Structure formats: structure tokens, C-alpha cells
Amino acid sequence: MWKWLHPYANPEVSYHFAGRIIPWLSVCAALILSIGFIWALAFAPADYQQGDSFRIFYIHVPAASLSMGIYFGMAVAAFTSLVWQFKLADASAAAMAPVGATFTAIALITGSAWGKPMWGTWWIWDARLTSELILLFLYLGVMALHNAFEDKNLAGKAAGILTLVGVINLPIIKYSVEWWNTLHQGSTVSKLGKPSMSIEMLWPFMFCFFGFVLLVSVIICIRFRSEILARNSIRPWVRTLVSAHLTKEKTNAV
Amino acid sequence: MQFDSFSAFIDMGGYGFYVWLSYGVAVILLLMLIISSITGHKHVIKNIAQRKQREDKLRQVRKQRQKQDKDLKSDKHQEAVE
């Protein structure tokens, strides 16, 4: 496996590999996400208790679980970069942070728009909501640290340490609904084996979830490429790539 | 289809505002993220190109100056010989 993985440790190979998969991933993401959204909005049945407000579920839950999943991925990348001095891991961690922050924000906002009609309040300082808000601040802190230093290696180290300390928040978010009394309802999807959801609701959820996963991969690939270029700006291959890009732009302009 | 008419679809059984607010915010935030990622990539390329141009120019100036210095020295040398 290491032999197979080895070429991808080269920034140039990774850069071109990410560039090649972006078009495929974007087409799949657009397709699956549109199916998921239309299904969720128009064809999925209304909940017998929550009525049509339940349709918020189809973006709230994927966004919330992705906000935690991306953080976990970022923590793995930060760990690899701190322990094995693997430079590309830093670039990928820096690429993931803004994506995760966006999904955390979406989870919080849609959650609050769901909470207003169901609980009668936009916001409450309960365990699930507060720990998710802390996750947003962790993401913002990581992003700020990545941008705070001119030296990207130093920035990666500082942001990596914050990322690893923040991992403690993930189990707190996950189990907050079980450990504390909270307004937030328990998990519906991730009960292994028998999700407490009807099939007509599970399918559109799956489409939305995997559509979001694909979209996340597309955006991370785009940002990963920028991070690689910024970190390798003095390498000859980046130089030739940039000048080729400029001449192409000039001919397009003419 | 769960709805009888388009207005029922918009109304969402009375929850229209909250449902459309959620979907709207999600779509807008994601679009913003996608656009900022793409423009960010172009920005990085432009920055590197600018730095490269600046360095190339500096290198040229340095070369020219070295050449001038050499010419000047050889001129002086010739004067001395004469």
C-alpha cells in the first residue's frame, strides 16, 4: 500500500491528481444534490408530528454530521503533519478548515430555523447547541492561525496543535443528547441496523448526505490545490505552471 | 408529489418561512464558499506570477549593472594604458 501511496506524497502529483478528479466530482455532486433537494422538498412525506418543517432535517443533519466529520479529517491531517512532518497534510488541513466552518454555520442556522417553530425559540444554551457553537469557534481559530504566520510550516504547527486540542469537543457534541437533558432530539439516522426512520424519508436523506459529501470533496480539492501552490511557490514546476497559465490568459484576452 | 398546488408547496404547511430560510441560507453559504475558493485559487496564481515577474526584472537589472561595471572598468583600464 505504501508503494502505491508514495507518489501522492509528491505535491506536483497530488496537484494534478486533484485537478483531474474535480470535474467528475462536481458533476456527480450537482446531480445527486439536486435529486436530493427536490426529493426532500417536494416528494418526501411530511412528518406525522412535525409536519413539513421536517424538511429542514434533510440539510440540517448532513451539515451537522459533516461539520464533525471534516473536523475529524482535519485532526487526522494535523496529527500526520505534526508527527511525520508530512507537508501535504498541512495543506489539506488548511483546505478543510473553511469548508468545515461553513457546514458548522449551516448546521447552526438551519437548526435554529427548525428550533423556532418546534421549540418556540431560535436559540437556547443547551449542551448540543453550545458544543456545536464551540466547534464553529474552533474552526475560526484554526483558520486564523493558518493565516497568521508568513511561514506556512509554523502556521501549520500552531493550527495543528489547536486542532488536536479541539478534538475533545467531538465526543461532547456526539453524546451531548445522551449525557445531558436537552431539548435537542436524539439521533434518528445513526442507530446502526435499524434507523428509526421510514424508508421514504431515508432515501432522500441519503441523496442529500452523499451529495454534500461529494460537494465537500470538490471544494476541498480546489482549496488543496491553492494551498499546494502557495506552499511551493518557488519550485520550478509551479513557476512553469504559472507562466503557462498567464500566457493562456493573455491569448484568451486577445 | 406531496403538494396539491404551487402555493401549497411555497407555504409548506405553514412552515414555509423556516423551511425556505434554511434551504436559502444553506445554498447561499455554499455558493459563497465555492466562489471564494475559485477566486482564491486564481488569486494565488496571480500572486506567484507577480512575484516571478518582479524577480525576473531584478535579475535583469542586476545583470545589466554588472555589464556596465565591467565596461566601465575596461574603459578605465584602456585610459590607463593610453
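Any read-out appearing in this document is the output of simple, stated calculations on the displayed coordinates, not a laboratory observation. All figures in this text were calculated on a predicted structure; none of them were measured in a lab. Virtual Cβ from ideal backbone geometry, glycine too; neighbours counted across all protein chains shown.
Structural remarks
- Since only B:Tyr18, A:Ala29, A:Phe207 are under comparison, the one whose Cα sits farthest along the positive direction of the charge dipole of the protein assembly as shown, derived from C-beta charges on Lys, Arg, Asp and Glu, is A:Ala29.
- Highest average packing first - A:127-136, A:14-23, Cβ atoms within 10 Å: A:127-136, A:14-23
- Per residue of A:92-99, other chain Cβ atoms within 10 Å of the residue Cβ number 1 on average.
- Residue of A:Tyr175, A:Tyr71, A:Tyr139 that the Gaussian network model of chain A assigns the largest fluctuation, springs spanning Cα pairs under 10 Å: A:Tyr175
- Translational diffusion coefficient of segment A:96-254 (Stokes-Einstein, Kirkwood radius from Cα pairs, 37 °C, 0.692 mPa s): 171 µm²/s.
- Kirkwood Rh in Å, taken over the protein assembly as shown so that all alpha-carbon pairs contribute: 22.9
- Partner shielding of A:50-63 amounts to 5, given as the average count of beta-carbon atoms from other chains within 10 Å of each residue beta-carbon.
- Largest GNM mean-square fluctuation among A:Glu150, A:Glu178, A:Glu227, using chain A with Cα springs under 10 Å: A:Glu150.
- Report note on the peptides A:230-242, A:151-163: ranked by the mean count of other C-beta atoms within 10 Å, highest first, their order is A:151-163, A:230-242.
- By the count of neighbouring beta-carbon atoms within 10 Å, fewest first, A:Val167, B:Val81 end up ordered B:Val81, A:Val167.
- Take each residue of peptide A:40-47, count the partner chain Cβ atoms within 10 Å of its Cβ, and average: the result is 3.
- For the set A:Lys87/B:Lys52; A:Lys157/B:Lys57; A:Lys250/B:Lys52; B:Lys46/B:Lys67, the pairs lying more than 27 angstrom apart at their alpha carbons are A:Lys157/B:Lys57; B:Lys46/B:Lys67.
- Cα-based shape type of segment A:1-127, given that a ≥ b ≥ c are square roots of the gyration tensor eigenvalues and the cut on a/c is 1.5: oblate
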